[in-house]
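What follows is a set of notes on a single structure, which appears directly below.
The values are calculated or read from the model by the stated rules, or taken from the named source; none is laboratory data. Computed from a predicted structure; not experimentally measured. Reconstructed Cβ throughout: ideal geometry from the backbone, glycine too, with neighbour counts over all protein chains shown.
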Amino acid sequence: MRKRLLVVAGLAMTLTAMIAGAAGAGQSPAGSYFGSSPLVCFDGTHDGGYYGLCSMKSGVATLDNRTNDATGTANSYDQYSGIYPKKSNLVGKAIADVKELGFTYGGDAATAGSPRISLGIDTNADGNRDDYAFISAYYCNDGAGKVDAVNDATCTIYTGSGVYANWADMVAKHPGYRVAGTPFVIADDPGVWTVSNVQLGQVPALRLVPPPGVRG
């Protein structure tokens, strides 16, 4: 698992930079928001050069990575799809102060890295991203598809520099760590998943069902 997530850390860096730029500019990397939802889709197909599709309806995102690459075979690093909040109040917050971080998933069985939360970490309080915390549904779920990184004591947290038994373990060992950059949920393995009940520090709090007359 550690090796798998270290490999995808490079992709996480690229996506985080892209997401931060899009959020600052008030637009999605995929070029569109979805109704009034505070979540935004992104995927390799719309970004160009990769595969994978994200779609959203009534607050439920579908991350579809079934499209094969140009060689006709599924490649673990040729496709990705995911979602991120238009605005997150987690940015700059001490990890000890993070209270809600998770989502509910369905569809294919989780893989070692998909779907997962990728959370930038500032390890030295300089305001810059130094590492990532990866919360994978494979290693963090209640058996019924719920990922609760903060409150589930069995939720293993992987970072580029270490592995923690759970969120409390990471906080205890690194109380000075802070969230750096907008967190996001991503799948970058072949498969198709639904993601809902997302908690990534949205402002305002995420409303899963769009108002009447607005398509999600």
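Summary table below
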read-out: Tally, over the range 151-193, of residues that are among the β-branched types (Val, Ile, Thr) and either touching a Pro at 6+ places or on another chain (Cβ under 9 Å) or surrounded by fewer than 18 Cβ atoms within 10 Å (Cβ to Cβ) (or both); value: 6
read-out: Criterion: at pLDDT 95 or above and under 16 Å from GLY191 (Cβ atoms) - qualifying residue of ASP64, ASP69, ASP108, ASP78; value: ASP108
read-out: Restricting the range 108-140 to residues that are charged (D, E, K, R) and in a strand (DSSP E or B), the residue that is nearest to the chain's Cα centre (by Cα); value: ARG116
read-out: Residues of the range 78-93 that turn out to be under 14 Å from the mean Cα position of the chain (by Cα) and of a type in the set (Lys, Arg), as a count; value: 2
read-out: Inter-residue pairs, beta-carbon under 7 Å, first closer than 19 Å to CYS54 by Cβ and assigned to a loop (DSSP other than H, G, I, E, B) and in the range 189-216, second modelled with pLDDT under 90 and aromatic (Phe, Trp, Tyr), 6+ apart; value: GLY216/PHE34
read-out: Odd one out for LYS146 among (1) buried (at least 24 other Cβ atoms within 10 Å of the Cβ); (2) at pLDDT 95 or above; (3) under 15 Å from the mean Cα position of the chain (by Cα); value: (1)
read-out: Test: VAL91 is among the hydrophobic types (A, V, I, L, M, F, W, C), under 15 Å from GLN199 (Cβ atoms) and surrounded by fewer than 21 Cβ atoms within 10 Å (Cβ to Cβ); value: yes
read-out: Residue count, the range 96-131 (criterion: within 14 Å of ALA149 (Cα to Cα) and either in contact (Cβ under 8 Å) with a residue 12 or more places away in the chain or polar (S, T, N, Q) (or both)); value: 14
read-out: Selection count where residues are buried (at least 24 other Cβ atoms within 10 Å of the Cβ) and at pLDDT below 95, scope the range 114-135; value: 0
